[in-house]
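The structure appears below as structure tokens.
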Amino acid sequence: MCIASLACHASTDEKEMMDGTAAFVNGETLTVSDVMVNAIFMIRNEQWVAGRSRDEALRAAYSEALEQLIDQKLILATYQKKGEWNLPPWVVDKRVSEIIDSRFDGDRSKLLRELAQQRITFNDWRSRVIEKQIIVGMMRQIHVDNNVHVSPATIRNYYDKNLELFQSHPEVDVNMFYVALREEGDPVATELAVNAAVERLNDGADFGEVGREFDTALKNDGAWGWLNPEEALRPELAQLLDQMDVRATQSLRAEKGFFVVRKNAERPGGTKPFDEVRSNIENLLYHRESQRLYKEWIARLRRNTNVEIFDTFPKQ
């Protein structure tokens, strides 16, 4: 685990190629090392390497990391210049405590040992990493997220114009348990026991109680909830459920045992109701609007800032 710097994700060979100036931001230097340690971390994510060579992936990640670091410098400079508010020390302390609790099992000494391995003091880490992260997040909240508004009419309009995105498959509510055939057991006797269980269930016996007679570890009374059989179950089970009546129980012989299935309810496919997907649409539109306003905000900051970027991607 590395919490002091993304540089810990870089190998020795990777670190050796990090030098030079990647950009000037109002006279402040962003080094190639600053950018590369972030880029190397980014390509650990498969989305950067899918369909790309390692060199192509690293170049793409380098470009993205450079833009992100420039944005960070612009935001921090705005914070320092305008002095819109002061970050209370307790906010940083709270975040540090959260990190210690979540990543170090509440043991501060583990954090200090990790920082020592990365050759950074606690105070430097607190101010250079954690405090800056909080400032950038709060500045974005003030200048971007607080200005995002998604009206009910906009949400409804998106739904009406994109009905193809909100189609659902037919679903069934299912309870199920499995009865395995034992190598030393009598398969005929097992089948007779399963058939008797199915009869009891169709006569109104409790599914969970009957299921635990065959599987003592059965959870949630064998409830699988609502599902699309074609996606969630093997084809023969999906076919069985399609043929079953609601509230009926049947068994299905498998290679090494029996499935006992009850079809509690079913609902047809079709367009999902607006109220069912409203919150998802709102979250999507909120995110899009937030991204749009963020880009506009950064563009304004860049217009008032001298940013000079150099083509200094390290040769490997």
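Computed from the coordinates by the stated procedures, all read-outs in this text should not be read as laboratory data. It should be emphasised that the depicted structure is a prediction, and the values quoted were computed from it without experimental measurement. Don't worry about glycine lacking a Cβ; one is built from the backbone with ideal geometry, like all the others, and counts go over all protein chains shown.
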Checklist entry - How far, in degrees from 0 to 90, does helix 32-42 lean away from the longest principal axis of the Cα atoms of the chain, to the nearest 10? => result 0
Checklist entry - What is the log10 of I(q)/I(0) for the chain, computed with the Debye formula using one identical point scatterer on each Cα and no solvent, at q = 0.09, 0.11, 0.14 Å⁻¹? => result -0.80, -0.93, -1.08
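Hey, what D do you get for segment 153-274 in µm²/s if you plug the Kirkwood alpha-carbon radius into Stokes-Einstein at 25 °C and 0.890 mPa s? Write down the numbers at each step before the final one.
Values: Rh = 16.1 Å.
Translational diffusion coefficient: 152 µm²/s.
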Item to check | Nearest 10 degrees, 0 to 90: helix 108-117 Cα axis against the chain principal axis | outcome: 60
Item to check | Pairwise label distance in nanometres, Arg303 with Thr21, each label 7 Å out on the Cα-Cβ vector | outcome: 2.7
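Kindly provide the helix-only [θ] at 222 nm of the chain, computed as the sum of -39,500 (n - 2.57) over DSSP H runs of four or more divided by all residues, to the nearest 500 deg cm²/dmol?
On the way: 14 runs with 168 residues, N = 316.
The helix-only estimate for the chain comes to -16500 deg cm²/dmol at 222 nm.
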Checklist entry - Once amide H atoms are built 1.01 Å from N in the peptide plane, which residues 5 or more positions from Ala223, or in another chain, come under 5 Å H to H? => result Met176
Checklist outcome for this item: Helix 89-103 sits off the longest principal axis of the Cα atoms of the chain, rounded to the nearest 10 on a 0 to 90 degree scale, by 40
